[in-house]
Amino acid sequence: MRSERIIGLSLCRRLGISVVIVFCVSLSGFVSPAIGQSTGAAQGRILYNETSHTFRMDGGGVSYVFGVNQNGELQNLYWGQRLQSADPILPAHTNGGTSAFDLPVNATPQEFTGWGGGLVVVPDLKISFPDGNRDLVLHYVSHTIRDNTLTVSLKDISRDVAVDLIYRMDDETGVLARSARIENRTKLPFTIEQAFAATWNLGASNDYQLRYLTGRWAGEWNLQQMPLHPGKVVLESRRGSTGDEVNPWFAIERSSQPDQDVGEVWFGALGWSGSWQINVETDWQDRVRVTGGYTPFDFAYVLAPGESLEAPTFYGGYSNAGIGGASRLLHRFELDSIVPQAPHRRLRPVLYNSWEATGFDVNEAGQEALAEKAASIGGERFVMDDGWFGQRKDDHAGLGDWYVNPEKFPHGLKPLIDKVHALGMDFGLWVEPEMVNPNSELYRKHPDWVLNFTGRPRTEGRNQLVLNLARDDVRAYVYGFLDRLLSENDIAFLKWDYNRNWSEPGWAAAPLDEQKEVYVKYVQNLYSILTELREKHPHVEIESCSGGGARVDLGILRLTDEVWPSDNTDPFDRLSIQDGFTYAYAPGVMMAWVTDSPNWMNDRSTSLEYRFLSSMQGSLGIGANLNKWKPEDFATAKRLIAEYKAVRATVQNGELYRIISPALGSEYSATESVSRDAREAAIFAFLHSSQKGKPYPQLYPRGLDPEAVYSLHLQEGKLAEDTVPRASGDYWMHHGVNVSLRGDFQAAFFTLKQDAAQ
Ligand code: DGJ
């Protein structure tokens, strides 16, 4: 137990500044605030040591420590495995640098840097002042600790530029959320040219490995891995939104042979759905700095006196249980702290979506027929996709005109919605609110509402243009039609699509020096629309879709309940797509449809069982054309949906173990989801094709209680005949399970369940 005594109201003076706070003093010299102290089960806490002028945050199995050095800079001292309470923390001391070319300001692992004073590493903040000065040197001023949040205030050494660094560590996972608020307290406007949330520092090591996720349309979520050497790796989107080319997530391991469940991993993810940048910079002494926030490319934000700008939140975490442990921490954090209903998230319902069945050709009778069939197999939500509005017959027209198409739905949406409800499902609808087709009433009326540069071509993607959501009138229009849609119809779910990136990002109506603020204000308005809609229609759930997985990040996940990871629904491709996705995001937010065979993507034929098992590793949906199904398909689907519902809490909220990853080009792959109380595990195994008569590798489940007894229940596929029905967790984890899969595109699914009495 930490021993502490209240010493009352104290005034601490450092470097000519002061902070007022109520302190408790621990034996190790740390003072912690008596107000707003976290009461979380894992005892997260923020401690301030007045003597050494250091801050220590503990949460889950992680400690994060920094201090104010003799120059007034914030210097990182430690980030890693949780330290013992009484462990010494030495005061921060500026690193000396090694030559005139290597100034201390660059050698010191600072928490947040302004570009100035000889800084050559990536700065967090770069400002141009109206008098031509561009030098910015930020020093500690004061701090507050309130509601489990540490705010450290910095200020430029001569100008009234104030920066508040905000730190909030999750008690349970140790994931630390960091952001920076920049305020202009001078008398003149200045221009921010670069604004990041934070610098994450890792100590010198010559065996760091970087992992990140890359992709393209229908080929998202490829895990990349590379050793880090001196130099800079830039992960970035200049697309106006998160993008799928690179996802704003990284992980760094200290090992030349990274392992799924062993070894130290530092990871992070940005909470921003616009253009972004993460820099992973390895310096001349093998120290690593990771910085991130708005991409500085084409960035300029004018801050008038009294105004402030907050950088996107940058989340960072640490695991000593390998990359698998890192993703499990992130999943838990996302489900318990990020998504809108956290920590009491509703399990994802089994949904049916009409897109692959009907394309744009939707109408009342056709949708009702599909709804009947979806309900008959256990569907819980029926979603009508694209094609129901305006003059939408294909992707050339209609976006922007959000009235129900009278030929397709002569009586409006009500008859279909009533029918869906009568079938015991709730109703969802596809929208793409931020886009407009030039062939639409909206565009003909408001051609100035789209992103464009005056007098220049407007490049179309999928025959559509991007509405400039930064404009107040566009924001009002978009919010207005969505609010009306949700008020006039009993809609439980919106699939919010976004099918292109930006081009010609001009905003002619804004003052010249503010036009580049479109990158920030667009996304702020997107977030504010989502926030307001959710407040007014609290029962409505939302999926973030961007032609697949091009807008998945911790910013959009704060406001949406699930995401669509890829338009590629080939069940074999999906294994690696889903595997990559789960490095950064939880299976519980990953929508996965069962579609038709042969699949349109690769013309590959697979059994319905294989398709189901592939999708059952996430949040199950059905996207097949049920009109073409045979009676036996309905029976199979009904059985598998029931099996899924029985384990969905474990799959969606549990701990994911990659028993065999498909990322390494393996013809085998297997995942295991273990419920948080370790009472149940769901294991899915897949075979691409048998070769040379080789047997399927023995599977070794993980994360079970070694002493508890588990019964094995085979749901689909085949196990070796001598598989025992009951054994200890130790037995299953070390003896393993012999899945006897042979042939092409085979799959198995079994559960391990603790006996009820235990
Ligand atoms: C792209 C989405 O990813 C698809 O699922 C579908 O909704 C289409 N858009 C509709 O246009």
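Just so it is clear, none of the values below were taken in a lab; they were calculated from the coordinates. Keep in mind that what you see is a predicted model, and the values were worked out from it rather than measured. Please note: Cβ atoms are built from the backbone with ideal geometry, for glycine as well, and neighbour counts cover all protein chains shown.
List the GluC sites (Glu not before Pro) within segment 372-416 that DSSP assigns to loop and that have no more than 13 neighbouring Cβ atoms inside 10 Å.
Working: sites: 372, 380, 407; in loops: 380, 407.
The qualifying sites are 407.
With each label point set 7 Å from Cα along the Cα-Cβ vector, what nm distance links residue 225 and residue 458?
Here the modelled spin labels are 4.7 nm apart.
Given N residues in the chain, what is Rg(Cα) / (2.2 N^0.38 Å)? Walk me through the numbers before you get to the answer.
On the way: Rg = 27.1 Å, N = 758, 2.2 N^0.38 = 27.3 Å.
Here the answer is 0.99, to two decimals.
Set the Förster distance to 41 Å, then compute FRET efficiency between residue 536 and residue 649 from the Cβ-Cβ distance, nearest 0.05.
Numbers: r = 30 Å, r/R0 = 0.72.
That gives a FRET efficiency of 0.85.
State which entries of 419/630; 373/445; 373/408; 414/638; 408/645 exceed 32 angstrom in Cα-Cα distance in the structure shown. Working shown, then result.
Values: 419/630 23 Å; 373/445 41 Å; 373/408 20 Å; 414/638 28 Å; 408/645 34 Å.
From 419/630; 373/445; 373/408; 414/638; 408/645, over 32 Å: 373/445; 408/645.
Full extension from residue 441 to residue 642: what is 0.36 nm times the residue separation minus their Cα-Cα distance, to one decimal in nm? Numbers along the way, then the final one.
Working: separation 201, 0.36 × 201 = 72.36 nm, distance 4.55 nm.
Taking residue 441 through residue 642 to full extension adds about 67.8 nm, to one decimal.
Translational diffusion coefficient, Stokes-Einstein: compute it for segment 4-338 using the Kirkwood radius over C-alpha pairs as Rh, at 25 °C and 0.890 mPa s, and state it as an integer in µm² s⁻¹. Don't skip to the end; give the middle numbers.
On the way: Rh = 20.4 Å.
Reported coefficient: 120 µm²/s.
Please state the charge dipole magnitude for the chain, taken about the Cα centre, from unit charges on C-beta atoms (+1 on K and R, -1 on D and E), reported in debye and rounded to the nearest 20.
Working: 72 positive and 95 negative charges, 152 e Å.
The calculated dipole for the chain is roughly 740 debye.
Please report, in whole Å, how far the alpha carbons of segment 157-263 spread along each principal axis, starting with the longest.
The Cα atoms of segment 157-263 stretch 54, 34, 33 Å along their principal axes.
Cut-off 20 Å, label point 7 angstrom out along Cα-to-Cβ of residue 488: give me the residues of segment 361-385 whose amide nitrogen falls inside.
362-365, 384-385
From the C-alpha coordinates alone, can you work out the Kirkwood hydrodynamic radius of segment 639-684, in Å?
Working: mean 1/r = 0.0891 Å⁻¹.
Radius from the Kirkwood sum: 11.2 Å.
If each of residue 214 and residue 630 carries a label point 7 Å out from its Cα toward its Cβ, how far apart are those two points in nm?
A separation of 4.4 nm, rounded to one decimal place.
Could you sort 597-610, 424-437 so that the peptide with the highest average Cβ count within 10 Å comes first and the rest follow in order?
Working: 597-610: 15.8, 424-437: 21.6.
Those peptides, ordered most packed to least, come out 424-437, 597-610.
Check which residues have an amide H placed less than 5 Å from residue 263's amide H, if you skip close sequence neighbours.
322
Starting from the alpha-carbon convex hull of segment 129-216, give the projected area averaged over all orientations, in nm². Please list the in-between numbers first.
Details: hull surface 39.8 nm².
Over all viewing directions, segment 129-216 projects a mean Cα-hull area of 10.0 nm².
How many percent of Cα pairs in segment 70-110 exceed 16 Å? All intermediate terms of the calculation are to be shown ahead of the outcome.
On the way: 374 of 820 pairs.
Result for the distance tail: 46 percent.
Of all the C-alpha pairs in segment 660-754, what % are more than 16 Å from each other?
Details: 2310 of 4465 pairs.
Tail of the P(r) past 16 Å holds 52 percent of the pairs.
Starting from the Cα of residue 521, draw a straight line to each of the aspartates and glutamates and keep only those under 12 Å, dropping any in the same chain fewer than 8 residues away.
Partners found: 310, 472.
Tell me the relative contact order for segment 139-183 as a rounded percent, counting alpha carbon contacts under 8 Å between residues six or more apart.
Relative contact order for segment 139-183 comes out at 29 percent.
Using square roots of five times the C-alpha gyration tensor eigenvalues, list the equivalent-ellipsoid semi-axes of segment 425-544 in whole Å, biggest first. Intermediate values should be presented prior to the final figure.
Numbers: eigenvalues 145, 50, 29 Å².
For segment 425-544, the semi-axes come out at 27, 16, 12 Å.
Give the residue list of GluC sites (Glu not before Pro) in segment 691-748 that are DSSP loop and have at most 13 other beta-carbon atoms within 10 angstrom. Could the numbers behind the result be given before it?
Values: sites: 707, 716, 721; in loops: 707, 721.
Those that pass, being in a loop and sparsely packed, are 707, 721.
So between residue 423 and residue 720, what do we pick up on full extension, going 0.36 nm a residue minus the alpha carbon distance? Please report the intermediate quantities before stating the final value.
Numbers: separation 297, 0.36 × 297 = 106.92 nm, distance 4.13 nm.
The span from residue 423 to residue 720 would gain 102.8 nm if fully extended.
Could you work out how much longer the chain between residue 393 and residue 692 gets when fully extended? Use 0.36 nm per residue separation minus the Cα distance between them, nm to one decimal.
Extending this stretch completely gives an extra 102.6 nm.
Normalised by the residues of segment 386-535, what does the relative contact order come to in percent, with Cα pairs under 8 Å and at least six apart? Intermediate results must be reported in sequence, preceding the final value.
Working: 215 pairs, mean separation 38.0, N = 150.
Reported relative contact order: 25 percent.
Determine the calculated [θ] at 222 nm for the chain from helices alone, applying -39500 (n - 2.57) to every DSSP H run no shorter than 4 residues and normalising by the residue count; nearest 500 deg cm²/dmol. Show your work: numbers first, answer last.
On the way: 12 runs with 135 residues, N = 758.
Only helices count here, giving -5500 deg cm²/dmol.
Round to the nearest 0.05 the FRET efficiency obtained for residue 187 and residue 342 when R0 = 45 Å and r is the Cβ-Cβ distance. Write down the numbers at each step before the final one.
Details: r = 43 Å, r/R0 = 0.95.
Plugging the Cβ-Cβ distance into 1/(1 + (r/R0)^6) gives 0.60.
To the nearest 0.05, what FRET efficiency results for residue 368 and residue 742 with a Förster distance of 51 Å applied to their C-beta separation? List each step's numbers first, then the result.
On the way: r = 43 Å, r/R0 = 0.84.
The computed FRET efficiency comes out at 0.75.
How high is the relative contact order of the chain, in percent, counting Cα pairs under 8 Å that sit 6 or more residues apart?
Once normalised by length, the contact order is 9 percent.
Ranking request for peptides 672-680, 53-61, 90-98: highest mean number of other beta-carbon atoms within 10 Å first, then the rest in descending order. Write down the numbers at each step before the final one.
Numbers: 672-680: 19.1, 53-61: 22.1, 90-98: 15.1.
Order by mean packing, descending: 53-61, 672-680, 90-98.
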